[in-house]
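Just so it is clear, none of the values below were taken in a lab; they were calculated from the coordinates. Fair warning: this is a prediction, and the values are worked out from it, not measured in the lab. Don't worry about glycine lacking a Cβ; one is built from the backbone with ideal geometry, like all the others, and counts go over all protein chains shown.
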C-alpha cells in the first residue's frame, strides 16, 4: 500500500516544479513536502501568497492519499478549506499531510504547514476516489 | 471607494506573474481576473492543479476587497474553502469575485471560476481588515 | 424529478419538529424552509444558537437535493461550511437552498438564511449520493 | 484564565438544554461536552441529524474559547466547517474541542465528535473576539 519512491510521484508535477515543491516522504497515508520561499512566491503585500501555501496542502494531501490507493484507483480534490495563522516572508515551508479516513469512494485528509516549528496554516480536504477507467462523481 | 487602475494592484504581485494571472477589473467590491492555462499549471494527472484555481480565487477576493478598503486599511486572508466541479486541461480560466459583506474588521467574499460559460470551481472566504500600522487578529 | 408534497419529506423529521422547522417548498433542486425563533433556540449570550441556523441549512440542502434524486437513491451530508454575518434574536428565519451541481455520486448545494430581507448566514455543502441498497463512500 | 465551573457556562444555554447537551469540562482552551442520543435527534432517514452533531461542535468550541477569554471579552462564531465520517443511530456522543490559536481578535478551534472510540465527525472553526461593550467585526 505504501509508496517507497516519492520522486516518482513528484516527477510528473509541472506545477510543483514551478513552485519549487518537492516531496521528502510519501508513505502509509502520510506525506511530507516542502518548498524554499523565493521572490516568485510573494503577494502584493510582500508576504508569501496564500496560493503557495494552499498548493503545498493540496499537493501533500494528494500524495498522502496516493499511498493508500490501489493500482487502478485515481483521486481528485473535491474541496479544501485552509486557515492561515501567520504571515511568512522567508525560509522553508514544510507541509505534513495525513489521510484521516479512507472510504470506498471518499477520503478525508488534513495538512499542517509550518516554518520551523511555527504553525503557519492548517487545511482539511475531501477527495473523490474512482477507477482509472471510470468517471468522477 | 472603487479602484480604477487594476494594473496598479496587479503590478506588485510576483506570484500572480509566475502564474500568468492578470486582473481585468477591480471595482466597487467586485473583481475579475484570469489566466491562460499553460504547461506549468498541470498536476501529475495532466489537469490544471487545484492550487492554480485556488490562487485565482484568493487573488481575486483580495482584489475585490481592496476596492472597498480605505487608504490606511490592509487585509489578509483568514480562511478560504474551495470546491471543484470539473477538471480542466486547456483554455482560459476567468475568476469573478465579490465582497458579500464588509464589516469593520472582517469581510466575506465569494469567487466563481469558469472556463467559457462552464463553472469549474467556487470558493468562499473570510478576510481580516486592519490598519496599516496595526496588527493582525 | 420534482417533489410536489413538501409535507411528506418533512413528516419524518423528528429533529425538524424539535426545532419547529417546516418546509414551504421542495421542487426542482430548490427548497425553502423556515422556523419561528423561540426561547429554546437561544445560546448563552441570548442570541439564536449557531446550531439552529446550521440545522436550517443542512435540512434545506437535503430537501433541495431530495427533489433531484431518483426513487432508489439516498443522500447524506459529507461536509458543510457555514458563515455567520449577523446575530439574530427574534422573528422568523427563512432558508433558501439550491443544488448547484448534481453529479452521479456527489452533489453540491448552497443555502442562504435570512430574517426578512437581511442575510444572516450562508452555507455551502457537499452531499454523497448512493443507492438505497448500497453503502456510503 | 481557566474556568472551573462548567455548569455556570452551561446553565444559560436554552438550546443546549433542548438538545440534552451538557459540558463535563471547560478548562485552559479545551472543553468536553456530550449528549445521549434520543428520538428527537433523528433526521428523516432514522440517523442522528447533522445539526445535532454540529451543535455539539459549535457549543464545545465556544466553551473551549470561553476558558481563554478575559472578563470583559465575548466571542461569536464566524464560520465552521464540519465533515461527517459515519452515521450514528444510538448511544452517547462526546465532543472534544480545543483552541488551536488565540489571537487578539480571532481564535481558531477544532472539535472531534466520537461515539465511544469511533470518530463520527470533525469540525474547524473561526471565532471573533470583542469587548463586551464593543461591536462585532
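Dividing the summed -39500 (n - 2.57) terms of all DSSP H runs of n ≥ 4 by the residue count of chain D sets its mean residue ellipticity at 222 nm at -6000 deg cm²/dmol. Take residue C:130, move 7 Å from Cα toward the beta carbon, and the resulting point lies 1.8, 4.2, 4.4 nm from the same point in each other copy, nearest first.
Working from label points 7 Å from Cα in the Cα-to-Cβ sense, the residue C:72 to residue A:72 distance is 2.2 nm.
Taking the longest Cα principal axis of chain C as reference, the axis of helix C:50-66 is set at about 30 degrees. State whether segment A:12-137 is rounded, prolate or oblate according to the following rule on the C-alpha gyration tensor (a ≥ b ≥ c being the square roots of its eigenvalues): a/c under 1.5 gives rounded; otherwise a/b larger than b/c gives prolate, and the remaining case gives oblate. Because a/c hits 1.5 or more and a/b exceeds b/c, segment A:12-137 counts as prolate. Springs between Cα atoms under 10 Å define the GNM used for chain A, and in it the highest mean-square fluctuation of A:23, A:108, A:85 occurs at A:85. The ranking of D:49, B:30 by Cβ neighbour count inside 10 Å, starting from the fewest, reads B:30, D:49. Between copies, residue B:70 shows label-point distances of 2.4, 5.9, 6.2 nm, shortest first, with the point placed 7 angstrom from Cα along Cα to C-beta. With a 10 Å cut-off around each Cβ of D:48-61, the average count of Cβ atoms from other chains is 6.
With both labels modelled 7 Å from their Cα along Cα-to-Cβ, the residue A:86 to residue A:101 distance reads 3.2 nm.
Name the shape class, rounded, prolate or oblate, that the alpha-carbon gyration tensor gives for the protein assembly as shown, where a ≥ b ≥ c are the square roots of its eigenvalues, rounded holds for a/c under 1.5, and otherwise prolate holds if a/b is larger than b/c and oblate otherwise. Judged from the Cα gyration tensor, the protein assembly as shown comes out rounded (a/c under 1.5). Sorted shortest first, the separations between the residue C:104 label point and its copies elsewhere in the assembly read 1.5, 5.3, 5.4 nm; each point sits 7 Å from Cα along the Cα-to-Cβ line. With respect to the axis relating copies A and D by rotation, the chain A residue whose beta carbon is closest, plus that distance in Å, is A:81, 2.
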